[in-house]
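Undergrad: Submitted below is the structure of interest, expressed as structure tokens.
Taken together, the values in this text are just the output of simple stated rules run on the coordinates, not laboratory data. Remember, it's a predicted structure, so these values are computed and weren't measured experimentally. With ideal geometry, Cβ positions are generated from the backbone for all residues, glycine too; neighbour counts draw on all protein chains shown.
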Amino acid sequence: MPISLRRLLVALTLCCALTAGATACGSGSDDAVSAASTPSATHSVDRQKLAKTRFVANAGLAAGATYQWIVKPWKAGKFKKGAHGRKLALVKAALAGGFAYNRLKAAHRNAEGDPTLSKALAPLTAGIDSLKELPSKLRKGDNPDGVAGDYNDIINKVKNAGKSAGAEVKDKVPSTSQLTSGS
């Protein structure tokens, strides 16, 4: 039993550190981040292709993390009170939620480089921003079924918007190092 408690404490400490780090990283100037991450292309068509590629990669990572660590456990009933492995599933889901939010914000920035994608994603901006609070709700255990459903809905809307703009998003499960580093 002490090993389980120790693992829980390590996982919670890691989760809090990652959440604080992700929050701290998001408070900087978006202009500096956009300028640094925008490649210098000689032709606008190259920039649009690169924007779609980056969008697909970032949205795919967000979709993969959401499916693997939020939707699958939710469908398996791991978030219900008294379920075996509930605490660990909630910690993993909170980490995945922070990661997915980070990648969706990056995908949104990428979509701004492509006129078709930016028009398709414009209605989803408020939904993506609303995901910011969901990892803390998952960690606290506040209605995890509703939180998992919200993530699933937003991811499906982003995938549909990408598909309608000619950038089909496929789930790509991030590695553990990507998940823990947040990028």
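Undergrad: Whole percent per 5 Å bin, from 0 to the bin with the longest distance: what is P(r) over all C-alpha pairs of segment 44-165?
TA: With a bin width of 5 Å, the distribution comes to 2, 13, 23, 21, 15, 11, 7, 4, 2, 1, 0.
Undergrad: Report, in cubic angstrom per residue, the convex hull volume of the C-alpha atoms of segment 55-113.
TA: Numbers: hull volume 3.5 nm³, N = 59.
It is 59 Å³ per residue.
Undergrad: Sticking with this structure for a sec: Treating the Cα atoms of segment 124-183 as identical point scatterers in vacuum, please give the log10 of the normalised Debye intensity I(q)/I(0) at q = 0.14, 0.26, 0.28 Å⁻¹, two decimals.
TA: The Debye formula, applied to the Cα set alone, gives -0.50, -1.15, -1.14.
Undergrad: A follow-up question, please. Take the Cβ-Cβ distance between GLN178 and LYS81 as r, set R0 to 45 Å, and report the resulting FRET efficiency rounded to the nearest 0.05.
TA: On the way: r = 31 Å, r/R0 = 0.68.
Step by step, r from the Cβ atoms, then E = 0.90.
Undergrad: Can you order the peptides 170-181, 60-71, 152-163 by their average number of other Cβ atoms within 10 Å per residue, highest first? Provide the component values of the computation, followed by the final result.
TA: Working: 170-181: 14.8, 60-71: 25.2, 152-163: 18.8.
Descending packing order for the listed peptides: 60-71, 152-163, 170-181.
Undergrad: While we're on this one: Relative to the Cα centre, what is the charge dipole magnitude of segment 102-183, using +1 at the beta carbon of each Lys and Arg, -1 at the beta carbon of each Asp and Glu, and rounding to the nearest 20 debye? Walk me through the intermediate numbers first.
TA: Working: 13 positive and 10 negative charges, 36 e Å.
Its charge dipole is roughly 180 debye.
Undergrad: List the lysines whose alpha-carbon lies under 25 Å from that of LYS159, not counting same-chain residues fewer than 8 positions away?
TA: Here the lysines satisfying the reach criterion relative to LYS159 are LYS49, LYS52, LYS72, LYS75, LYS92, LYS105, LYS119, LYS132, LYS137, LYS170, LYS172.
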